[in-house]
Amino acid sequence: MVRYAIGNWKMDPPTRREAELLFSSLAQELGAQQAKGVEVVVCPPFIWLPLIAEYAESGTGYALGAQNVFHEKKGAHTGEVSLAMLKSMGVSYVIVGHSERRALYETNAIVAAKLKLVLEAGLKAVLCVGEKERVGDWHEFLKEEVEEALAVVDPGELEHLIIAYEPIWAIGGSETDTPDDALGMAVFIRKLMQERFGERGGSVPVLYGGSIEADNVAPFALQEGIDGVLVGHASRDAGQFARIVRTMAGEA
Ligand code: PGA
């Protein structure tokens, strides 16, 4: 079974030099990890993708991901980045519907359009879902996020889909969810997938994200039912991200 360690660098590092440094330290630290059952994915900002593409292509042990994509294939869209551009840069994973994008303007319908583009192109989509707070009918909120995105997915595309459960209140380093509750939510999401797609839906990987660091990753990522982690701030520290990967590979 493959576990996923996906690093989301968000809007960092701020300079080209620091970006190159982070890439090269990661390449050194993560060289041989892929063989050990952990798929390592690094998602830098768009502007640093060309820098890192070379490392990824030369087989350093991690795959290249994008943090976002525009929801239309082509057209006059100033400042946007298309899926074709990402693909030609060697990107094989695309994060879709991160809560920080949803907070800007992305509705479930826009997220669904992005998801469809990524899956149709045969790239892996990392669909992010998660509640703002655990009050009221928050299961219903999550159900809507999942179901509105899934409405566009064909069963044949499921092998390219990964879902990341990221409770918004847990993002940013303040507190994590508890491993038990995160597992409960992964089970809930898997049930929704099964209702829509049958058994096949249940095999879509479900990850946890939200304040994962080297010291707390084990109880999340090593339990059965959570297939890996989406890591924000801790992925911008090469040593710490490598420790996360080693823990997941059972080596730390
Ligand atoms: P964090 O971010 O690890 O800094 O909480 C996670 C995410 O936003 O994907």
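Please work out whether the stretch 136-251 counts as rounded, prolate or oblate from its C-alpha gyration tensor, where a ≥ b ≥ c are the square roots of the eigenvalues and a/c under 1.5 means rounded, while otherwise a/b larger than b/c means prolate and anything else oblate? Note, shape of the stretch 136-251 comes out prolate.
Each Lys and Arg adds +1 at its Cβ and each Asp and Glu adds -1 at its Cβ; summed about the Cα centre, the chain shows a dipole of about 620 debye.
Under the combined filter of DSSP loop state and at most 15 neighbouring Cβ atoms within 10 Å, the stretch 89-150 retains these chymotrypsin sites (Phe, Trp or Tyr not before Pro): Tyr105. Close Lys pairs in the chain (alpha-carbon distance under 20 Å; sequence gap of 8 or more, or different chains): 21. For the chain, the per residue solvent-accessible surface stands at 44 Å², with DNA, RNA and ligands left out and a 1.4 Å probe. About the centre of its Cα atoms, the stretch 1-100 shows a dipole size close to 180 debye [charges on the beta carbon of Lys, Arg (+1) and Asp, Glu (-1) only; nearest 20 debye]. Largest mean-square fluctuation among His77, His233, His139, in a Gaussian network model of the chain whose springs join Cα atoms under 10 Å apart, belongs to His77. Solvent-accessible area assigned to carbon and sulfur over the chain amounts to 52 percent, based on a 1.4 Å probe. With the largest listed first and rounded to whole Å, the semi-axes of the equivalent ellipsoid of the chain from the Cα gyration tensor are 25, 22, 17. Ordered from largest to smallest accessible area (heavy atoms of protein chains, 1.4 Å probe), the residues Met1, Met11 come out as Met11, Met1.
Loop-located GluC sites (Glu not before Pro) in the stretch 130-186 (DSSP state other than H, G, I, E, B) with a sparse environment of at most 13 neighbouring Cβ atoms within 10 Å: Glu133, Glu175. A DSSP coil position with no more than 16 other Cβ atoms inside 10 Å describes the following GluC sites (Glu not before Pro) in the stretch 41-108: Glu72, Glu80.
The GNM of the chain, with springs linking C-alpha atoms under 10 angstrom apart, assigns the highest mean-square fluctuation among Glu29, Glu213, Glu224 to Glu224.
The values are calculated or read from the model by the stated rules, or taken from the named source; none is laboratory data. This one's a predicted model, so the numbers in the text were calculated from it and none came from an experiment. FYI the Cβ positions are ideal-geometry reconstructions off the backbone, even for glycines, and counts take in every protein chain you see. The accessibility values were calculated without ligands, DNA or RNA, using every heavy atom of the protein model including side chains. Shrake-Rupley method; radii C 1.70, N 1.55, O 1.52, S 1.80 Å.
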